[in-house]
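Input: a single structure, listed below in structure tokens.
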Amino acid sequence: MQRVIVGLTGLAAAAVLAVAPAHADGTVKIGLIMTYSGQFADVATMMDNAIKLYMKQHGDTVAGKKIELVRKDSGTGGTAPDVAKRLAQELVVRDKVDIIAGFSLTPEALAAADVGTEAKKPMVITNAATAIITTRSPYFVRTSTALPQPIGTLGGWAAKNGIKQAYTMVSDYGPGIDSEGAFQNAFKLNGGQIVGSVRFPVANPDFSAFAQRLKDANSEAVFIFVPGGEQPAALGKALAERGITPKTMKVMSSGELTNDDALKGLGDAALGIISGWTYDHRHKSALNAEFVKGMNELLGGRNPDQFAVSAYDGIHLIYEALKKTNGNTDGDALINAMKGMAWESPRGPISIDPETRDIVQTIYLRRVENINGQLGNVEFDKVEKVKDPVKEKMKADGKLTADGLAK
Amino acid sequence: MIARHISLLFDGFAYGMLLFVLSVGLSVTLGMMNFVNLAHGTFAMIGGYTTVMLMRSAGWPFFATLPVAFIGAAAASVVLERVLYRRLYRASDLDQSLLTIGIVFVSIAAAAYVFGTGQQPVQLPGYLRGRIEFGDFSFGLYRMFLVASALVITGLLVLGLEYTRFGARVRACVDNQRMARGLGLNVDAVFSITFALGSGLAGLGGALGIEIVGLDPNFAFKYLVYMLIVVAVGGLASIRGAFVTAAMLGVIDIVSKYYVPEIGAFVLYFVMVSFLVWRPAGLFARRT
């Protein structure tokens with residue numbers, strides 16, 4: 001029934017748009033679905049300010065059309081996918097947007113997939129990072145990351161650089177399980193051995209039990225994935241209390257454990273943590289310096305993180321696609337324009353894979369060091385043009401259509 | 001081997017003590033005033049932000065901020081009690097829930113507006129970081145401090161309630177409000193002071209908790225479930241109940257996550273349901 005209703009609303013919207021070509025007045029409406037409130041509000045703070053910054057730098061008109069944002073808060077229901085779905089429907093039917101962007105969390109993107117497909121609206125994912133999302137609609141494009149990109153890269157790097165054994169600790173939900181698989185696969189493929197693993201609940205206030213399990217495992221190294229927020233610092237402190245620091249065990253993680261907030265909470269216990277990630281505000285390039293300066297102003301001195309840069313690239317992609325279609329907002333035209341597009345982002349060179357509509361980007365290997373009295377990530381190695389290994393494997397196994405959809 | 005288990009039990013106990021400090025005020029106010037105060041976490045959050053702001057902006061040492069966190073939360077609660085809560089003392093549970101849950105939402109939005117949506121990390125003094133080792137045993141210093149604080153607070157509460165004149169009044173008001181009123185006790189004043197004390201303790205808990213559980217605007221909601229579990233299982237208006245339950249929940253939570261991480265997140269709730277089936281009014285209910 002749900003599907004039928006969605007289908008009908010989608011068709012209705014398509015019909016309306018077909019009769020009255022979108023916004024003769026010359027505006028392009030972009031609907032933003034983000035967690036403006038609730039547990040993940042900071043993700044939306046970063047993304048929204050990055051979009052503001054881009055529009056401040058590049059103006060709010062592109063290809064003769066004025067860009068208008070319609071913001072929808074998906075944070076009130078926690079991680080409720082039905083809220084995101086309803087918001088997507090409202091954006092399409094009531095607000096008549098041309099493009100949907102945002103999606104703080106994987107469940108939101110998955111829930112909105114059908115709506116975008118039926119209404120033929122490009123959906124630009126600027127955070128949700130589970131690998132398979134882009135295989136659920138031909139109108140999905142992603143400018144953040146598929147988690148297995150950085151994590152698989154990290155796993156391969158670890159095995160190739162002399163680490164023989166590793167233990168994995170991840171949060172028990174989509175992205176965590178994705179990371180666990182990506183790290184373990186890449187690590188084993190390159191000759192490493194997984195000595196154990198544990199998954200903790202997504203909402204977990206105290207990590208001491210898991211820290212003890214890790215200690216019992218007597219592993220040479222550990223890989224950790226936790227979502228942002230209060231958890232990275234809480235977990236890091238629980239490890240330090242058990243005497244587990246990079247001095248006693250090789251600690252590897254995604255970028256969440258070593259972002260600014262987490263490092264402030266962790267203090268010197270974080271020195272030496274190695275992470276594989278897409279972006280750090282210390283990345284050296286002229287474009288990034290300008291980006292960080294602009295974000296500092298908007299965020300009251302805070303530094304941008306990967307959420308911010310992903311949204312900045314998302315809105316850039318929309319601008320460039322509109323330029324290419326000369327302001328034509330037809331969904332298929334925009335998606336075609338986006339496929340294969342390559343540009344210089346504050347994080348380095350990136351492009352959109354024409355086959356999967358997912359991002360292709362450089363993955364940086366970084367180590368936490370003391371930089372003039374402040375802890376930060378220092379890039380010491382990188383792998384260029386990394387594609388999502390999960391979809392590459394699906395492609396090799398013949399499980400991906402030519403449109404990059406799951407068979 | 002044994003050392004590992006003792007360290008684990010200790011961690012669980014310390015976590016339980018944090019829950020105790022956060023919840024004991026709620027237990028007392030809920031039991032005593034029959035007021036469903038879901039905004040208890042808001043007062044904890046006020047305490048947390050007080051500590052963060054004093055440490056960061058004014059450069060206060062951690063310890064000096066704790067009394068201010070207590071007083072700040074208590075003062076905020078007095079204002080809310082006078083302005084809003086008072087009007088709903090005789091209203092239904094639903095009305096009270098709606099008001100206080102509304103206050104939680106407002107406080108979250110206000111905190112996000114004023115302090116931003118990010119985490120508020122604090123750097124503790126060096127002597128509270130790290131751990132102490134006795135042979136095979138190792139205990140986190142901060143957790144030891146947490147346990148000591150909770151024990152002191154419990155001692156003061158028990159002494160205050162059992163051996164002082166004010167404590168006798170509080171007990172009288174809890175046990176039989178009408179009779180207490182009839183005997184000439186100023187029940188409203190006793191309520192106000194107790195409410196402020198309970199909220200102040202929440203504020204102190206919020207400040208103490210930053211190191212273990214972090215602080216962001218959502219704090220007001222995040223620990224409400226744990227607070228309510230402690231109160232429901234422990235029994236209303238029972239300090240002993242809140243203490244025993246919080247300690248037990250902390251230990252069960254940590255131990256179950258250690259031995260059966262696959263279902264560790266659910267064990268706590270299973271235990272709660274079992275206890276409530278066994279004793280619906282709570283383990284140490286003063287009234288049934």
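Just to check I understand the Karplus step: with θ = phi - 60° and J = 6.51 cos²θ - 1.76 cosθ + 1.60, what whole-Hz values come out for the stretch A:327-342, glycine and proline as x?
Along the stretch A:327-342, the couplings run x, 5, 9, 4, x, 5, 4, 5, 4, 4, 5, 6, 4, x, 5, 10 Hz.
Please list the non-local residues whose amide H lies under 5 Å from the amide H of residue A:196, H modeled 1.01 Å from N, same-chain partners needing a gap of 5 or more.
A:168
What ³J(HN,Hα) values, in whole Hz, does the Karplus curve 6.51 cos²θ - 1.76 cosθ + 1.60 give for the stretch B:209-218 when θ = phi - 60°, with x put for Gly and Pro?
x, 3, 5, 8, 10, x, 8, 8, x, 7
Trypsin sites (Lys or Arg not before Pro), restricted to the stretch B:144-180: which are DSSP loop and have at most 11 other Cβ atoms within 10 Å?
Numbers: sites: B:165, B:169, B:171, B:178; in loops: none.
Filter output for the stretch B:144-180: empty list.
What average number of partner chain Cβ atoms lie no more than 10 Å from the Cβ of the residues making up A:199-206? Mind dumping the intermediate values first?
Numbers: counts 4, 4, 6, 1, 3, 5, 11, 14.
Partner Cβ neighbours, averaged per residue: 6.
Count, for each residue of B:213-226, the Cβ atoms from other chains sitting within 10 Å of its Cβ, then give me the mean as a whole number. Write out the running numbers ahead of the final one.
Values: counts 7, 11, 2, 6, 5, 9, 1, 0, 3, 5, 1, 0, 1, 1.
Counting other chains' Cβ atoms within 10 Å and averaging over B:213-226 gives 4.
Can you tell me the order of B:153-162, A:309-318 when each peptide is scored by its average per-residue count of other Cβ atoms within 10 angstrom, highest first?
Values: B:153-162: 14.7, A:309-318: 27.5.
Final packing ranking: A:309-318, B:153-162.
Set Lys and Arg Cβ to +1 and Asp and Glu Cβ to -1, take the dipole of the protein assembly as shown about its Cα centre, and tell me which of A:254, A:289, A:161 lies farthest positive.
Farthest towards the positive pole: A:254.
Just for the protein assembly as shown, what percent of DSSP beta bridges are antiparallel, to the closest 5?
Approximately 45 percent, going by the DSSP bridge assignments.
Where the only charges are on Cβ atoms (+1 Lys, Arg; -1 Asp, Glu), what is the dipole of chain B about its Cα centre, to the nearest 20 debye? Spell out each step's value before the answer.
Numbers: 20 positive and 13 negative charges, 146 e Å.
It works out to roughly 700 debye.
Averaged over B:131-138, how many beta carbons belonging to a partner chain fall within 10 Å of each residue's beta carbon?
The per-residue average across the peptide is 1.
Once you charge only the Cβ atoms, +1 for Lys and Arg and -1 for Asp and Glu, what is the size of the charge dipole of the stretch B:1-150 about its Cα centre, to the nearest 20 debye? Mind dumping the intermediate values first?
Numbers: 9 positive and 6 negative charges, 50 e Å.
It comes to approximately 240 debye.
Just to confirm the number: angle between the C-alpha axis of helix A:231-241 and the first principal axis of chain A, 0 to 90 degrees, nearest 10?
Around 0 degrees separate the two axes.
What is the percent of Cα-Cα separations in the stretch B:2-278 that go past 30 Å? Don't jump to the answer; show the numbers that get you there.
Working: 11347 of 38226 pairs.
When every Cα pair of the stretch B:2-278 is considered, 30 percent fall beyond 30 Å.
Compute the orientation-averaged projected area for the protein assembly as shown from the convex hull of its Cα atoms and round it to one decimal in nm².
Details: hull surface 128.2 nm².
Across all orientations, the protein assembly as shown yields a mean hull projection of 32.1 nm².
Any chance you could get the radius of gyration and Dmax over the Cα atoms of the stretch A:209-307, in Å?
15.0, 47
Give, rounded to the nearest 20 debye, the magnitude of the charge dipole that the protein assembly as shown has about its Cα centre when Lys and Arg contribute +1 at Cβ and Asp and Glu contribute -1 at Cβ. Let's see the in-between values first.
Working: 66 positive and 58 negative charges, 185 e Å.
Charge dipole, the protein assembly as shown, about its Cα centre: 880 debye, nearest 20.
Any of A:250/A:293; A:29/A:393; A:85/A:385; A:121/A:323; A:160/A:399; A:188/A:215 with alpha carbons more than 26 Å apart? Name them for me.
Numbers: A:250/A:293 34 Å; A:29/A:393 36 Å; A:85/A:385 33 Å; A:121/A:323 17 Å; A:160/A:399 29 Å; A:188/A:215 22 Å.
Beyond 26 Å: A:250/A:293; A:29/A:393; A:85/A:385; A:160/A:399.
Normalised by the number of residues in chain A, what is the relative contact order in percent for Cα pairs under 8 Å and 6+ residues apart?
Values: 856 pairs, mean separation 68.9, N = 407.
Relative contact order for chain A comes out at 17 percent.
Any idea what angle helix A:41-58 forms with the longest principal axis of chain A, computed on alpha-carbon atoms, 0 to 90 degrees, nearest 10?
Approximately 60 degrees, to the nearest ten.
Please name whichever of B:187, B:259, B:54 sits farthest to the positive end of the charge dipole of the stretch B:2-278, dipole taken about the Cα centre and charges placed at Cβ: Lys and Arg +1, Asp and Glu -1.
The one lying farthest along the dipole's positive direction is B:187.
Once amide H atoms are placed 1.01 Å from N in the peptide plane, what residues at a sequence separation of 5 or more from residue A:62, or on another chain, have their amide H within under 5 Å of its amide H?
Close amide H contacts, sequence-distant or interchain: A:67.
For a test of the definition: using alpha carbon positions, the gyration tensor, and the 1.5 limit on a/c, classify the stretch A:251-407 as rounded, prolate or oblate.
oblate
Output wanted: per-residue J couplings in Hz (rounded whole) for the stretch A:93-103, from phi through Karplus 6.51 cos²θ - 1.76 cosθ + 1.60, θ = phi - 60°, x for Gly and Pro.
For the stretch A:93-103, the Karplus-derived couplings read 7, 8, 7, 6, 6, 9, 9, 10, 9, x, 6 Hz, x marking Gly and Pro.
Name the residue farthest towards the positive end of the dipole of the protein assembly as shown from the options B:280, B:226, A:122, assuming +1 on Cβ of Lys and Arg, -1 on Cβ of Asp and Glu, about the Cα centre.
B:280
For chain B, what does -39500 (n - 2.57) per DSSP helix run (n ≥ 4), summed and divided by total residues, give at 222 nm, in deg cm²/dmol to the nearest 500? Each step should come with its number before you reach the end.
Details: 12 runs with 213 residues, N = 288.
Counting only the DSSP helices, I get -25000 deg cm²/dmol.
Near the amide H of residue A:32, under 5 Å away, which other amide H atoms are found, from residues 5 or more places off or on another chain, if H is placed in the peptide plane?
Correct list: A:70, A:71, A:72, A:101.
To test your reading of the geometry: what angle, between 0 and 90 degrees and rounded to tens, separates the Cα axis of helix B:239-259 from the longest principal axis of chain B?
Taking Cα atoms only, the helix is inclined about 30 degrees.
For the interface of A with B, what's the total buried accessible surface in square angstrom, probe 1.4 angstrom, rounded to the nearest hundred? The partial results should precede the final answer.
Details: alone 16050 and 13620 Å², together 26970 Å².
By this definition, chains A and B bury close to 2700 Å².
The values are calculated or read from the model by the stated rules, or taken from the named source; none is laboratory data. Computed from a prediction, not measured in an experiment: that's the story for all the values here. Counting neighbours? That spans all protein chains shown, and the Cβs are built from the backbone with ideal geometry, glycine included. Protein only, heavy atoms only, side chains kept; ligands, DNA and RNA dropped before computing areas. Shrake-Rupley method; radii C 1.70, N 1.55, O 1.52, S 1.80 Å.
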